[in-house]
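One structure is given here, and the rest of the page talks about it.
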Amino acid sequence: MPKMKTHRGAAKRLDTTGTGKVSRKKAFHHHKAACKGPKRNRQLRGRTLVSEAEQRRIASLIPYM
């Protein structure tokens, strides 16, 4: 049985936490950031977890993560 290929676009954008959950960056942070409030820009910094439904879908894109 051949090895499954990893979806390279997903692998570059997603990481796995120590407990096996998938984390992602938040959207809308850089483009037109000047007209967004400072609190909103602070909250868009950092990473967040992917929802459970999306994690199951991502597991097929990144099988060896």
Taking the stretch 26-55 and keeping residues exposed (fewer than 10 other Cβ atoms within 10 Å of the Cβ) and within 30 Å of residue 4 (Cα to Cα) leaves 27, 52, 53
Pick out the one residue from 62, 58 that is in contact with a strand residue (DSSP E or B) (Cβ under 6 Å, 6 or more places away or on another chain) and surrounded by 13 or more Cβ atoms within 10 Å (Cβ to Cβ). 58
Scan the stretch 14-25 and report the pairs whose first residue is farther than 13 Å from residue 51 by Cα and open to solvent by less than 90 Å² (accessible area, probe 1.4 Å) and whose second residue is among the basic types (Lys, Arg) and in a strand (DSSP E or B), with Cβ atoms within less than 9 Å and a gap of 6+ or a chain change. 15/24; 15/47
Pairs under 7 Å by beta carbon, first residue within 14 Å of residue 17 (Cα to Cα) in the stretch 28-52, partner open to solvent by 100 Å² or more (accessible area, probe 1.4 Å) and in a strand (DSSP E or B), six or more apart or different chains? 47/25
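The values are calculated or read from the model by the stated rules, or taken from the named source; none is laboratory data. Being a predicted model, the structure only gives us computed values, none of them experimental. Cβ sites come from the backbone with ideal geometry, for glycine too, and all protein chains shown count toward neighbours. Ligands, DNA and RNA are stripped out before the accessible areas are found, and what is left, the full protein with its side chains, is counted by its heavy atoms. Shrake-Rupley method; radii C 1.70, N 1.55, O 1.52, S 1.80 Å.
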